[in-house]
Amino acid sequence: MDSYVTDRVDAWAQTDWWRRAVRCPRCAAPLREIDARPFCSNATCEYAGSGFPVVEDQPVLIDFATSVFDRGMYRGGNGSIFHRDVSRRSISSRLHQLTFGGNQVAQSNCARFIELLKQESERPVVLVIGGGAVGDGADELYTDDSLELIGTDVYASPYTLLVADAHRLPFEDGVFDGVWVQAVLEHVLEPTAVVSEIHRVLRRRGLVYAETPFMQQVHERGYDFSRFTRSGHRWLFRQFSEIRAGRVGGAGVALVWSIRYFARALGAGDKLSRLVALPFFWIRLLDPLTRGRAGSDAASGFFFLGRRAERPIDPHVMPQYYDAQK
Ligand SMILES: [Zn+2]
């Protein structure tokens, strides 16, 4: 499956449609020499002179003046601050899978997301934000032959076509049919700004799918900034109409995370704390029994599948939104 996916990503990389859609993240002007060393075509823009870095043959279209990421991080390697297991095959990744389970919620939502995209377009174009690794349960995005996908992340990987900071997406308005943003919004400085950008690059009636943690401890160290309740997540996507929303990982998953992080806080370290939590994996098997408001009050995270709307929801509906959840 892996070589099939990377072959598809290589084929997408060769196509021209995304080259036409990219814009300067500072001034939104078209770019020159996207395949060599990209420059902004606007002579008054800073990036007309300095241009953008390239890592592993992928352009780094970040406005460094407003980003948490520095130009210096992209002088060599893939631009990642951490060692990353993008293929999810390391012992740590496998232990994580065993303790916390796979993401069946994402798998079912991914199928629905694709089905809805196909109702509106024969060849839907999807932007993946945080696509350095294939998201848990998101395989179908990479294997469905009818999709065109553009993977982006803050580092280059075999699954990305370019490097971007989601606070300023380097694309023209309304070019995507769908945006997939899974386990990303906790890692951005300003989630509201990122969701506004998602709204901007989506065409009218375009779809968004997001998964964001609620009761999860800090991961990715200094690059972890926010958590959302079910209501907070809905309000974050206030410029979208809701198709489906709910829990990703219930109170059981949250409790097993807590056991792991309790051991870690006592000094167990990353690897040992994974082993300490492993015997408690069965707690998450009780999650299907958790329900309603009490279930969401203690959930590990939430998903939101929505459609781009022309105006935001009314703040007055929010208390009822909480009361109505199942
Ligand atoms: Zn520019």
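For segment 58-73, give me each residue that is more than 13 Å from the ligand (Cβ to nearest atom) and assigned to a loop (DSSP other than H, G, I, E, B).
Result: S67, V68, F69, D70.
Conditions: (1) assigned to a helix (DSSP H, G or I); (2) touching a strand residue (DSSP E or B) at 6+ places or on another chain (Cβ under 9 Å); (3) without any contact (Cβ under 8 Å) to a residue 40 or more places away in the chain. H233 meets all but one. Number of the miss?
(3)
Could you run through segment 1-15 and say how many residues are out of contact with any helix residue (DSSP H, G or I) (no Cβ under 7 Å at 6 or more places or on another chain) and either closer than 16 Å to P170 by Cβ or β-branched (V, I, T) (or both)?
Qualifying residue count, segment 1-15: 4.
Being of a type in the set (G, A, S), within 18 Å of V105 (Cα to Cα) and surrounded by 17 or more Cβ atoms within 10 Å (Cβ to Cβ), is that true of even one residue in segment 259-270?
Looking for residues that are of a type in the set (G, A, S), within 18 Å of V105 (Cα to Cα) and surrounded by 17 or more Cβ atoms within 10 Å (Cβ to Cβ), one finds none in segment 259-270, hence no.
Of everything in segment 6-57 that's among the aromatic types (F, W, Y) and in a helix (DSSP H, G or I), which residue is nearest to the ligand (Cβ to nearest atom)?
Y47
Can we say D224 is surrounded by fewer than 16 Cβ atoms within 10 Å (Cβ to Cβ), among the acidic types (D, E) and closer than 24 Å to C27 by Cα?
No: the conditions fail for D224.
When you go through F64, F113, F82 one by one, which is the residue that is aromatic (F, W, Y) and over 25 Å from L141 (Cβ atoms)?
F64
Yes/no matrix, rows are residues, columns are (1) closer than 17 Å to G131 by Cα; (2) hydrophobic (A, V, I, L, M, F, W, C); (3) surrounded by fewer than 19 Cβ atoms within 10 Å (Cβ to Cβ); (4) in contact with a Lys or Arg (Cβ under 6 Å, 6 or more places away or on another chain):
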site	(1), (2), (3), (4)
D2	yes, no, yes, no
R8	yes, no, yes, no
Q14	no, no, yes, no
R19	no, no, yes, no
P30	no, no, yes, no
Q58	yes, no, no, no
I62	yes, yes, no, no
R71	no, no, yes, no
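Working carefully through the options A43, A28, find the one that is touching a residue at least 40 places away in the same chain (Cβ under 8 Å) and more than 21 Å from the chain's Cα centre (by Cα).
Matching residue, one of A43, A28: A28.
All of the numbers you see were taken from the coordinates with simple rules; none came from a lab. For clarity, every value in this text was computed on a predicted model and none was experimentally measured. Virtual Cβ from ideal backbone geometry, glycine too; neighbours counted across all protein chains shown.
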